[in-house]
Amino acid sequence: MGGFFGVVSRDDCVTDLFFGTDYHFHLGTRRGGLAVLHDGGVTRFIKDISNAQFRSKMQADLPRLRGRVGIGVISDTDDQPILFRSHLGLFAISTVGVIRNAEALAARIFAERSGHFSEVRGGAINPTELVAALLNQEATFEDGIRRVLEVVEGSCSLLVATPKGLYAARDRFGRTPVTIGAKDGARAATLETSALPNLGYRVERYLGPGEAVFLTAEGDETRVPPGDRLRICSFLWVYYGYPASSYEGINVEAARYRCGERLAARDDVAVDTVAGIPDSGVGHAIGYAAARGLPYRRPFVKYTPTWPRSFMPPNQSLRDLVARMKLIPIDDLIRGQRLLFCDDSIVRGTQLQDTIRYLFERGAKEVHMRPACPPLVYACPYLNFSRSRSEMDLAARRAIREIEGRDDADLARYADPDSEAYAAMVERIRVGLRLTTLRYQRLGDLVEAIGLPKHKLCTFCWDGVG
């Protein structure tokens, strides 16, 4: 997915920029970059973060960065920020999202003989460079941002740093959040609000869908007004978002507690212990345990000092190794216990299958699973939250294929939690994972837990409605 942070300040912005960007490290897996504009031009550093933390990679270069306007990015895909000098002037740009029609947009630029692309990796155009090329075809940054938001299929939020200030724009349907932070003599634009308080910023406001603002050290001005259709990604509250962050004024951790409470309200299974799969399952499990008056315990502890996130390495076998090595079991809390685990979701189920087998080998009497969201039936076309190369990697789709004997089943039947098809799919997944019981969150309960109307949420991966 990725995340970004931008600052414009009366004084040097580098410290705020560095730490604000670092607070987005959980959102990306490949590249981390900073770009700072100063009187002599712009200085930029991009680092490989696939096997090391952004902070450790970037810290040595900080003394070489000075300036009052800067942007930082943690990228899941491409090298960013990108630097440009064009008829619009000098600027640096970073983006978050997925451009599904990138080849078509590039072909249009080629047909107009108005551009070329130099940031090419494996034959693919850098999507941030493509966005910059679209910006450069218009007379102003505002017109360029409007065009980008209109023509991109998928999603695209962006930051543009110029010598005069900082542009921040939110995706046309607001699938990713952008929040403005303020303190005396500085303004910031961030995806995660958790980046703001320790740097002394307060939340000034949340940008609307498709809104673009221009920030200076003294304030912000809307340059492209917001649209009226919000479809923010629900998975931000379920999994991706940091617990201390809020989107649309709704805190992530509080929403996860409510998710757990709603799971508990529909459950009466007899268990000894409730636990969360670290880290994103913990909030859901706390809410579940509190609602049912059951003890919350940690039969696993996560070793965080050296092991990176399990989804960070690009190689699946290495991700599986990291997932296994970072969770250390506590046999005294496993042996002879009826355990109920909450997790954010079941995507492929490969790592979860290993965890369940491990629990039984350690003497667990029963293992029950309560995912905080419905079965993932559709692959995300907007943010690439899953690293699956194919929809058929999803545990739910594999189960449907086993039931139907083909890949083109009527998926709507399997998204209905009251249908026989849904029950058969869940039972297939349960048997495959060797769980004692498996019950998913209902979509209506998840929507209530988040607290926004369904028509303002993207729920595509569960029901195909984006």
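List the pairs whose first member sits in region 405-428 and is within 20 Å of residue 349 (Cα to Cα), whose second member is part of a loop (DSSP other than H, G, I, E, B) and among the aliphatic types (A, V, I, L, M), and whose Cβ atoms are under 8 Å apart, counting only residues at least 6 apart or on separate chains?
From residues that are within 20 Å of residue 349 (Cα to Cα), the pairs are 411/377; 414/377; 415/377.
So, in region 159-201, of the ones that are among the charged types (D, E, K, R) and within 15 Å of residue 8 (Cα to Cα), which residue ends up surrounded by the most Cβ atoms within 10 Å (Cβ to Cβ)?
Across region 159-201, the extreme among qualifying residues is 187.
Which numbered condition in (1) on the phi > 0 side of the Ramachandran plot; (2) under 21 Å from the mean Cα position of the chain (by Cα) is the only one that residue 67 fails?
(2)
Can you find a residue that is assigned by TED's automatic domain parsing to the domain that holds residue 107, out of contact with any strand residue (DSSP E or B) (no Cβ under 7 Å at 6 or more places or on another chain) and among the small types (Gly, Ala, Ser) anywhere in region 134-150?
yes
List pairs: first residue in region 447-466 and under 11 Å from residue 255 (Cα atoms), second residue loosely packed, with under 15 Cβ neighbours inside 10 Å anywhere in the structure, Cβ distance under 8 angstrom, at least six positions apart or on different chains.
447/453
Scan region 157-166 and tell me whether some residue there is at pLDDT 95 or above, assigned by TED's automatic domain parsing to the domain that holds residue 73, under 23 Å from residue 228 (Cα atoms) and assigned to a loop (DSSP other than H, G, I, E, B).
no
Answer with yes or no whether residue 8 is over 22 Å from the mean Cα position of the chain (by Cα), surrounded by 19 or more Cβ atoms within 10 Å (Cβ to Cβ) and either in the same structural domain as residue 97 (by TED's automatic domain parsing) or among the basic types (Lys, Arg) (or both).
So residue 8 passes the test.
The values are calculated or read from the model by the stated rules, or taken from the named source; none is laboratory data. Just so it is clear, the structure is predicted and the values come from calculations on it, not from any experiment. Cβ sites come from the backbone with ideal geometry, for glycine too, and all protein chains shown count toward neighbours.
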